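Asker: Mind having a look at this structure? Questions to follow.
The values are calculated or read from the model by the stated rules, or taken from the named source; none is laboratory data. Computed from a prediction, not measured in an experiment: that's the story for all the values here. Positions of Cβ are backbone-derived with ideal geometry, glycine not excepted, and every protein chain shown enters the neighbour counts. The accessibility values were calculated without ligands, DNA or RNA, using every heavy atom of the protein model including side chains. Shrake-Rupley method; radii C 1.70, N 1.55, O 1.52, S 1.80 Å.
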Amino acid sequence: MSEPDDLLLVHTTCADAAQARTLSEALVERRLAACASAGAPAQSTYPWNSAIEHAEEIPLTLKTTRGAFAALESALAELHPYDVPEILAVPVVEASVAYADWVREWVAGDQG
C-alpha cells in the first residue's frame, strides 16, 4: 500500500538548460521537490500536430513524495511552457534513510 510520504522520482523534459533551471528553482522553492537534477541533452522523437518531430531536450528528475505529487503536477502544468509537458512519476523502491528523511522533511515544510 502506498503512503503519502513514499518517495517518488518525477521525470519531465525541458527545451533547454535555462528552462530546466527556472523550473527546478521554482519547484524547490515551493517545497514541491527537495532536489531537481537536470541531465545532459537528449534527442527526443515524438508525434505532434500530425508530424514526427525531433528536438533536443534536457531531462529533469525531481525528488518528492507521493503526497506532494498532485501539487507538483499542478505547478508543472502552470509553469511549464510545453502544451503537454511530460510528467511521469516512478516510485522509489529503496533509498538511504538519511536521504529519504531529508526529502520528506523539505517537502513537508520542516526546516532542515
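Asker: Among the residues of the stretch 57-72, is any in a loop (DSSP other than H, G, I, E, B), out of contact with any His (no Cβ under 9 Å at 6 or more places or on another chain), within 17 Å of Q19 (Cβ to Cβ) and charged (D, E, K, R)?
Answerer: There is no residue in the stretch 57-72 that is in a loop (DSSP other than H, G, I, E, B), out of contact with any His (no Cβ under 9 Å at 6 or more places or on another chain), within 17 Å of Q19 (Cβ to Cβ) and charged (D, E, K, R).
Asker: Right, something else. Restricting the first residue to the stretch 63-88 and requiring it to be at pLDDT below 95, which pairs with a second residue that is outside any helix (DSSP H, G or I) and of a type in the set (F, W, Y) meet a Cβ separation below 7 Å and a spacing of at least six or different chains?
Answerer: Listed pairs, sorted by first residue: none to list.
Asker: Looking only at the stretch 29-55, count every residue that is touching a residue at least 40 places away in the same chain (Cβ under 8 Å) and farther than 30 Å from P4 by Cβ and tell me the total.
Answerer: The qualifying residues number 1.
Asker: Select from the stretch 11-34 the residues that are surrounded by 16 or more Cβ atoms within 10 Å (Cβ to Cβ) and part of a strand (DSSP E or B) and list them in ascending order.
Answerer: T12, T13, C14 - these are the residues of the stretch 11-34 that are surrounded by 16 or more Cβ atoms within 10 Å (Cβ to Cβ) and part of a strand (DSSP E or B).
Asker: Give me the residue from the stretch 43-60 that is open to solvent by 40 Å² or more (accessible area, probe 1.4 Å) and of a type in the set (S, T, Y) and, out of that set, farthest from P91 (Cα to Cα).
Answerer: Here the residue is S50.
Asker: Ok, one more. When the residues of the stretch 61-82 are narrowed to those that are farther than 19 Å from W106 by Cα and either of a type in the set (K, R) or touching a strand residue (DSSP E or B) at 6+ places or on another chain (Cβ under 9 Å) (or both), which ends up least open to solvent (accessible area, probe 1.4 Å)?
Answerer: Result: H80.
Asker: Then there's this: Of the conditions (1) open to solvent by 70 Å² or more (accessible area, probe 1.4 Å); (2) farther than 16 Å from L9 by Cβ; (3) in a strand (DSSP E or B), A40 clears all except one; give me its number.
Answerer: Only one criterion is unmet by A40, namely (3).
Asker: Can you tell me which residue is most open to solvent (accessible area, probe 1.4 Å) among those in the stretch 83-98 that are among the small types (G, A, S) and part of a loop (DSSP other than H, G, I, E, B)?
Answerer: S96
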